[in-house]
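The values are calculated or read from the model by the stated rules, or taken from the named source; none is laboratory data. Quick caveat: nothing in here was measured; it's all calculated off a predicted structure. Note: ideal-geometry Cβ built from the backbone for every residue, glycine included; neighbour counts use all protein chains shown.
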Amino acid sequence: MVLEGYLKFKRQKVTWCFGLDELKCCMIYGSVFLGHDTGPFHPENPQRLIKTIRLLEEKGAIRWTKVEEPVKASLDDLTLVHEEDYINHVEEAVAKGQKYLDPDTPISKDSFDVALFAAGAAILGCKKVLHEGFDACFVLQRPPGHHAGRRGRALGAPTQGFCIFNNVAIAAMYLLEKCNVGSTAIFDFDCHHGNGTQEIFYSDGRVLYISTHQDGRTAYPGTGFIDEVGDGDGEGFNINIPLPPFTGDDVYEEVLRSIVEKVLAESRPSVLLFSAGFDAHKDDPITSLNLSTKSFVEIAEMTKRLRQSGCTKGFIFILEGGYGVGLPEGVYSILATLMGSHSLVIDEKTFSTSAVKDRCVKVMNEVSEKVLRPYWGL
Ligand SMILES: [Zn+2]
């Protein structure tokens, strides 16, 4: 199938040309996700999804993608990851009309239900890929999840950072426990370290967790250092790549190719999940990395290479953060690339200063020395 046409994408012209390497994609989205009301001034608000859907409609991406309504997760699904006391605590806080789970994480009367739909959407994304012939699924849901640990706050973080249930962790456990998928990996490219996800799988060798994020000394939640490599059966399966503020596309591309893709190709997970956060974008209002949509295109290109090499059959992108223009533009960039737009031109590549580059090289060398060589032979 070849479809061509010009679409104006903000600053540039974009040519659509779908070809042989296109991935069959679907999306999970429903207006139910707008019901988690965080108040007028919170960065994690319903407008995030409204703007994303609007851009996807404008650019025609919705037309080429099957969009399905989410379903609720069951208590059984949640307890794959979370302790029952924590689930009850959230339900009671919402029922009592509490306004906040913690100072970062507002809740409203429908928040418990919406959080069940968010977790259920992540599971539905897995089912689409496993049973319905889709190569990839993008789950556009909120609230996000990767900061939520088994009992809420994780690894000593001060708050849950806008998260209620850990959607990506629930999806990974669902694949392992209910679908007999042998191994999964999670690539977390949100700007913040997924401390909840790390905590949940730290001793579990069935789930490889790789996170690129802004250095925890300069960003919430203050975790995600290189020597946190996992323990017990999980030793070597937790890979943190903390990047200094102002890291640009030039370095990020190198990190993707020389670390993330190599480890994923070596580990050959049956299904690859993404904690898909878009707050590492240069224009995000709450973070300090300097990526453009070019890096999100690179992530999608890497996904296609992994699929072509036969390493991994299914890919599920589960939305995390992203609080500025990088969210709609990033989601669109990934979907358009996966669906086979060969000449998609987005932003101009961003570059790191030489000081930032030097620090990034040190990070990559340290990851190589402490994790890649000893555990992966790379
Ligand atoms: Zn984030």
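Between a residue in segment 295-322 that is closer than 12 Å to Cys137 by Cα and any residue that is small (Gly, Ala, Ser) and away from the ligand (no atom under 16 Å from the Cβ), which pairs come within a Cβ distance under 6 Å, given they are 6 or more apart or on different chains? Qualifying pairs under 6 Å: Phe315/Ala136; Ile316/Gly125; Ile318/Ala122.
Being assigned to a helix (DSSP H, G or I), crowded, with 24+ Cβ neighbours inside 10 Å and of a type in the set (Asp, Glu) is a property that Glu329 has. So is Tyr252 at pLDDT 95 or above, aromatic (Phe, Trp, Tyr), outside any strand (DSSP E or B) and away from the ligand (no atom under 14 Å from the Cβ) or not? Answer is yes for this residue.
Looking only at segment 101-122, decide whether some residue is more than 20 Å from Leu273 (Cα to Cα), surrounded by fewer than 19 Cβ atoms within 10 Å (Cβ to Cβ), more than 16 Å from the ligand (Cβ to nearest atom) and within 22 Å of the chain's Cα centre (by Cα). Yes; the residues of segment 101-122 include at least one that is more than 20 Å from Leu273 (Cα to Cα), surrounded by fewer than 19 Cβ atoms within 10 Å (Cβ to Cβ), more than 16 Å from the ligand (Cβ to nearest atom) and within 22 Å of the chain's Cα centre (by Cα).
Residue-wise test of (1) part of a loop (DSSP other than H, G, I, E, B); (2) in contact (Cβ under 8 Å) with a residue 40 or more places away in the chain; (3) away from the ligand (no atom under 15 Å from the Cβ); (4) touching a strand residue (DSSP E or B) at 6+ places or on another chain (Cβ under 8 Å).
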position: Tyr220; (1), (2), (3), (4): yes, yes, no, no
position: Asp227; (1), (2), (3), (4): yes, yes, yes, no
position: Ile239; (1), (2), (3), (4): no, yes, yes, yes
position: Pro242; (1), (2), (3), (4): no, yes, no, yes
position: Leu264; (1), (2), (3), (4): no, yes, yes, yes
position: Ser275; (1), (2), (3), (4): no, yes, no, yes
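The residues of segment 56-92 that are among the aliphatic types (A, V, I, L, M) and crowded, with 19+ Cβ neighbours inside 10 Å, listed by number, are Leu56, Ala61, Ala73, Leu78, Leu80, Val81, Ile87, Val90.
Residue count for segment 277-302, restricted to those that are within 15 Å of the ligand (Cβ to nearest atom) and of a type in the set (Lys, Arg): 1. Kindly indicate whether any position in segment 138-151 is away from the ligand (no atom under 16 Å from the Cβ) and either surrounded by fewer than 24 Cβ atoms within 10 Å (Cβ to Cβ) or on the phi > 0 side of the Ramachandran plot (or both). Yes, because at least one residue in segment 138-151 is away from the ligand (no atom under 16 Å from the Cβ) and either surrounded by fewer than 24 Cβ atoms within 10 Å (Cβ to Cβ) or on the phi > 0 side of the Ramachandran plot (or both).
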